[in-house]
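Structure record follows, encoded as structure tokens.
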Amino acid sequence: MKYLDEFRDPIFAKSLSENIHKVTTRPWTIMEICGGQTHSIVKSGLENLLPSSLSIVHGPGCPVCVTPLEMIEKAILIARKPNVIFTSFGDMLRVPGSTSDLLTVKANGGDVRIVYSPLDAVTIAEKNPDKEVVFFAVGFETTAPANAMAVWQAHKKNLKNFSILCSHVLVPPAMEALLSSSTNRVQGFLAAGHVCTVMGYEEYIPLAKKYNVPIVVTGFEPTDILHGILMLVTQLEEGRCELENQYSRMVKKEGNIPAQQMIFNVFEISHRKWRGIGEIPKSGYSLKKEFIHFDAEEKFSLGIVSVEESPLCIAGNILRGLNKPFECSAFGNQCTPESPLGAPMVSSEGACAAYYNYKRQNVASSGSGMVNKKH
Amino acid sequence: MCLAIPGRIEYIDAASNPKMAKVNFGGIIKNVCLDFLPEAGLHDYVLVHVGVALTKVDEKEALETIELFKQMGDALDELKEGDPA
């Protein structure tokens with residue numbers, strides 16, 4: 001129990017760990033969806049507190065990781081334009097496009113700015129009426145209310161010089177894509193707590209029923225995740241496939257209704273391409289027609305941008321839980337956080353970067369070399 | 001990136017639209033929109049993601065979470081981005 005210092009309540013965490021050992025009688029494969037949870041699991045060494053028969057695989061819930069390479073390339077093309085202030089969350093700046101990244105554009109004199117909030121990008125547009133201000137609107141449902149509010153405010157203020165490069169994705173369609181795949185090995189899900197703070201959890205109930213898979217809405221702290229795993233394994237062992245809420249202190253069944261209303265004022269559900277996975281039907285948000293003048297892709301007439309992924313990178317398998325990062329031949333040698341080949345190595349919430357940073361590759365005695373685990 | 005962080009409302013600009021507040025995250029003050037949480041009042045603790053408050057949080061819970069984030073090091077990094085110039 002040497003890792004228990006990382007936990008808010010080590011005694012509770014120890015008891016959770018002991019209970020997980022007690023209830024687990026068979027091998028199970030469970031997936032956490034959210035990149036924040038991946039980061040927390042790997043950093044805290046939480047897997048050391050679990051029975052070896054439990055396999056935790058890491059899902060596609062890192063927005064930086066699943067933003068298509070074409071979108072990164074479009075961001076770079078826009079940011080290079082002379083009259084543009086390109087604004088973004090910090091984690092997007094180091095994601096490599098086909099030839100460059102936003103940080104390099106900035107180093108070469110482009111006006112690329114990190115903002116804390118999309119509302120800050122609107123303020124920048126107000127203060128710079130002679131410039132085009134573009135915000136890179138990536139994220140899952142948690143980020144959608146803020147991005148929608150930014151567009152709504154730009155609309156209210158009649159700002160003509162603000163637009164968003166939109167690459168918004170949604171959790172339930174991605175879970176459905178994984179569950180309906182013939183290669184799926186996930187038997188239970190930890191759903192992302194903060195996504196559900198916004199959206200509630202009603203849309204997960206039919207997923208649990210249709211695919212006979214238990215789903216537990218779970219928080220982000222190591223103790224939350226242990227608790228979520230205990231609830232999930234208990235369901236699996238008892239043969240139950242229900243939606244349960246571990247994170248009830250932050251998540252209500254109906255979510256945040258005013259936030260949802262703002263999302264649907266501005267966005268509509270659309271097909272989206274996910275990096276490493278491909279197009280998933282109805283898996284994202286795009287701007288509604290009446291807000292299309294805030295769409296940077298339209299404003300800058302970018303058209304189709306084609307790019308190629310590194311042939312070495314197995315990000316698609318990582319994001320679908322089919323391989324662990326250390327099973328990639330490029331992991332830690334050709335591909336590192338300083339020189340990433342694929343997006344999961346870029347963001348600290350990406351599974352590859354998390355494994356690299358916290359040296360979890362030692363979990364595999366096989367070291368490098370791709371291994372196809374089959375259950 | 002979908003991490004939301006609890007903080008304490010120190011000031012509410014009642015005249016602003018959207019309704020904006022100053023929120024204190026363990027010593028770092030940020031501008032936060034309260035439009036999606038109309039029930040939030042002065043000195044309440046709220047869970048905030050990229051400048052928008054999403055739900056109210058119990059004070060004890062908030063303080064423990066902030067302390068844990070501080071110990072974990074990098075969770076509060078995004079708050080260090082300055083206000084727009």
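The values are calculated or read from the model by the stated rules, or taken from the named source; none is laboratory data. Bear in mind the structure is a predicted one, so any value in this text is a computation, not a measurement. Note that we place each Cβ from the backbone using ideal geometry, even for glycine, and neighbour counts take in every protein chain shown.
Does B:Y45 meet the test of being free of Cβ contacts under 8 Å to residues at least 40 places away in the same chain, within 8 Å of the chain's Cα centre (by Cα) and either more than 9 Å from chain A (Cβ to nearest Cβ) or farther than 24 Å from A:N147 by Cβ (or both)?
Numbers: free of Cβ contacts under 8 Å to residues at least 40 places away in the same chain: yes; within 8 Å of the chain's Cα centre (by Cα): yes; either more than 9 Å from chain A (Cβ to nearest Cβ) or farther than 24 Å from A:N147 by Cβ (or both): yes.
Yes.
Quick check on A:I292: is it within 15 Å of A:W274 (Cα to Cα) and modelled with pLDDT of 90 or more? When the stated conditions are applied, A:I292 does not pass them.
Considering A:E297, A:E327, the condition of being surrounded by 13 or more Cβ atoms within 10 Å (Cβ to Cβ), among the acidic types (D, E) and not assigned by TED's automatic domain parsing to the domain that holds A:A79 is satisfied by A:E327 alone. Filtered by the rule that a residue be touching a strand residue (DSSP E or B) at 6+ places or on another chain (Cβ under 9 Å) and more than 14 Å from chain B (Cβ to nearest Cβ), the range A:28-50 gives A:W28, A:T29, A:I30, A:M31, A:E47, A:L50. When A:K324 is tested against (1) without any contact (Cβ under 8 Å) to a residue 40 or more places away in the chain; (2) over 28 Å from A:A121 (Cβ atoms), only condition (1) is not met.
Could you tell me which numbered condition A:S270 fails, if it satisfies all but one of (1) under 30 Å from A:S310 (Cα atoms); (2) polar (S, T, N, Q); (3) within 14 Å of another protein chain (Cβ to nearest Cβ)? Every listed condition holds for A:S270 apart from (3).
In this structure, does B:L54 turn out to be in contact with a Ser or Thr (Cβ under 8 Å, 6 or more places away or on another chain) and at pLDDT 95 or above?
Details: in contact with a Ser or Thr (Cβ under 8 Å, 6 or more places away or on another chain): yes; at pLDDT 95 or above: yes.
Taking the combined requirement at face value, the residue satisfies it.
Just so you know, in the range A:107-135 the residues that are of a type in the set (D, E) and part of a strand (DSSP E or B) include one that is farthest from the other protein chains (Cβ to nearest Cβ), and it is A:E132. Within the option set A:S310, A:S286, being assigned to a strand (DSSP E or B), surrounded by 14 or more Cβ atoms within 10 Å (Cβ to Cβ) and either in the same structural domain as A:V198 (by TED's automatic domain parsing) or not β-branched (V, I, T) (or both) holds for one residue only, A:S286. Entry remark, the range B:48-62: residues being facing chain A (nearest Cβ under 7 Å) and of a type in the set (G, A, S) number 1 in total. The residues of the range A:201-223 that are within 14 Å of another protein chain (Cβ to nearest Cβ), of a type outside the set (G, A, S) and without any contact (Cβ under 8 Å) to a residue 40 or more places away in the chain amount to a single one, A:V217.
For B:T65, the conditions (1) more than 9 Å from chain A (Cβ to nearest Cβ); (2) under 24 Å from A:K43 (Cβ atoms); (3) hydroxyl-bearing (S, T, Y) all hold with the exception of (1).
Just checking, how many residues over the range A:193-226 are part of a helix (DSSP H, G or I) and aliphatic (A, V, I, L, M)? So the answer is 8.
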